[in-house]
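In what follows, a structure is listed as structure tokens, so that the remarks can point back to it.
Readers should treat all values here as calculations from the given coordinates under stated rules, not as data from a laboratory. All figures in this text were calculated on a predicted structure; none of them were measured in a lab. Every residue, glycine as well, gets a Cβ built from its backbone with ideal geometry; the counts of neighbours run over all protein chains shown.
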Amino acid sequence: MNQIPPDAIGVLGFDPEAVLLKEPGILLDPHFLSALHAELRSELGKSDANITLLQMGFLHGLQDAMRAVSTAFGPDQPEPRSPAGPSLAFRLRAAADTAEPGATSLKGLWPERIEATAHLAAFGKPEHPACFLSAGYTSGWLTGTLEADVLVLESSCSACGADSCSFSAREASVWRELGDPAALKILEALPFAVFRIFVRANLDSLGDREPALDRVDAGSSIVHIWGPVMVIPFQGGDAALNAVELIGRDPTARDVSVVVVDLSGAAIDEAFGAMALEQVVELIEAWGAEVVFAAVSPLSEAAVAGLEQQPLLIHKDLAGAIAAAFQLANAQRNPA
């Protein structure tokens, strides 16, 4: 393969420059991850959804690893520093097998079992190991830190009833020598050299920004759309109303069923600010979408409580609000 595989994530309308690519933390929230599993499978089918999760995880792991290595040994460092650890917790040990001399061969597990929990919540008990995002992330991390093409395959999964989510990590050449059918299929979807080029090309823009979900810039005006979920920052007054009206006419917003109104940093008074916010809620509901408020500050609580048009939910932080929005969207698509 000499090009990036087709962007299956783009089928959902996800922006690869937004949170799903820049924020690995949100992919480790079990509520969000459960909804993401369900949405991907609904749109792409089981097999393609699993490959997409693995590719998504690989990009996150590889960019985390390359950022850590560049931080530790970059040209601007007066002396080497300890690199940051991976975002996803995993444990490793050497594997006693017949790998090529000098080739990487490891065993490990994911102690927190986040993805297994998410999969159980979305689909119930699976027949086969289901932690594809975790396998992709760990593959990317080991590929970036060891400077070798490493693939991780899950061998036992707590979602299936096992005691732990365990995996084997081997270099691509070893998997090919072993002839493992599952490994050979996945390797076709992981052109290591191309992913390295992609991450290196984007590393500066990906690595120099503070996590948007942990510390949202109050001056941000970026709107994100991920399939059925949209996040709109509220900056008060006419700016927010104009943004909502403009987006409402955009064809990409037609499939949005839940809108998160991000109130991070906003101080809403009980007069003009509350009136503008209420109009925003009315406009969004006129689309036929539900509204979720995120990160209401103490200064805005009184104004929000006094709104005649109340949101469906209010969440204390943006990451939690996005996770709840995906759960709502999934429930709308699959009513009990």
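Observations
- Three semi-axes describe the equivalent ellipsoid of the range 224-333; taken as square roots of 5 times the Cα gyration tensor eigenvalues and ordered largest first, they are 21, 16, 11 Å.
- Residue-count net charge about residue 153 - beta-carbon cut-off 12 Å; Lys, Arg +1, Asp, Glu -1: +1
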